[in-house]
Amino acid sequence: ITLTNQLDLQQIADDNGLESIDEVTIQSAFYRVVTPDPTPTRTITGSISVNEGANPPQGLIALTSVLVNDPAYTDWTAVPLQPGGVGVMNAALAQALAGGSPTGTISTLGTSTPTDVATYFVWQVRLRVNVVGTAKVTVVEPPV
């Protein structure tokens with residue numbers, strides 16, 4: 001994933017009337033299942049890690065014994081973020097804001113249970129960012 005292709009900072013500034021964007025940070029994460037698994041009792045335990053350059057991967061999201069076909073997961077469900085991965089993502093976002101092109105890898109690893117039954121499901125993850133910017137406003141003094 002190339003952050004600068006996925007996050008159009010100029011468009012965000014234009015859409016929100018910002019003269020500049022001063023900071024972009026990871027705010028939260030969500031996941032959902034868009035195609036359920038044929039096995040109704042399928043659970044997953046897994047993680048998403050991120051790394052930048054040659055640095056070791058850092059955990060961003062961890063899931064434990066999630067029932068894939070739970071109807072609650074067909075809509076976006078909040079998931080806690082891990083500090084190490086947030087630090088990597090925030091550093092990459094700061095680099096992108098400064099005009100750089102950060103490079104890194106997002107990796108997933110997991111176990112699908114039962115392990116002796118074929119599995120197929122599709123899930124998505126969404127990261128929400130927080131943008132701090134500067135906007136010019138005109139303050140009108142009321143007549144005295």
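What the table shows:
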{"item": "Count of residues meeting criterion [more than 30 Å from residue 40 (Cβ to Cβ) and out of contact with any Gly (no Cβ under 6 Å at 6 or more places or on another chain)] in segment 50-91", "result": "12"}
{"item": "Checking residue 28 against (1) open to solvent by 30 Å² or more (accessible area, probe 1.4 Å); (2) out of contact with any helix residue (DSSP H, G or I) (no Cβ under 7 Å at 6 or more places or on another chain); (3) under 29 Å from residue 10 (Cα atoms), the condition it does not meet", "result": "(1)"}
{"item": "Flag if residue 53 is farther than 13 Å from residue 125 by Cα, open to solvent by less than 40 Å² (accessible area, probe 1.4 Å) and in contact with a Ser or Thr (Cβ under 7 Å, 6 or more places away or on another chain)", "result": "no"}
{"item": "Selection count, segment 102-113, where residues are open to solvent by less than 60 Å² (accessible area, probe 1.4 Å), assigned to a strand (DSSP E or B) and over 27 Å from residue 70 (Cα atoms)", "result": "1"}
{"item": "Output for segment 76-101, where each listed residue is open to solvent by 40 Å² or more (accessible area, probe 1.4 Å) and assigned to a loop (DSSP other than H, G, I, E, B)", "result": "76, 80, 81, 82, 98, 99, 101"}
{"item": "Test for residue 46: is it modelled with pLDDT of 90 or more and surrounded by fewer than 17 Cβ atoms within 10 Å (Cβ to Cβ)", "result": "yes"}
{"item": "Meets criteria (among the charged types (D, E, K, R), free of Cβ contacts under 8 Å to residues at least 24 places away in the same chain, farther than 19 Å from residue 23 by Cα and loosely packed, with under 13 Cβ neighbours inside 10 Å) for residue 116", "result": "yes"}
{"item": "Given (1) open to solvent by 60 Å² or more (accessible area, probe 1.4 Å); (2) within 25 Å of residue 7 (Cβ to Cβ), index of the condition residue 40 fails", "result": "(2)"}
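The values are calculated or read from the model by the stated rules, or taken from the named source; none is laboratory data. A quick note: this is a predicted structure, and the numbers were derived from the prediction, not measured. When we count neighbours, we look across all protein chains shown, and the Cβ atoms used for this are built from the backbone with ideal geometry, even at glycine. Ligands, DNA and RNA are stripped out before the accessible areas are found, and what is left, the full protein with its side chains, is counted by its heavy atoms. Shrake-Rupley method; radii C 1.70, N 1.55, O 1.52, S 1.80 Å.
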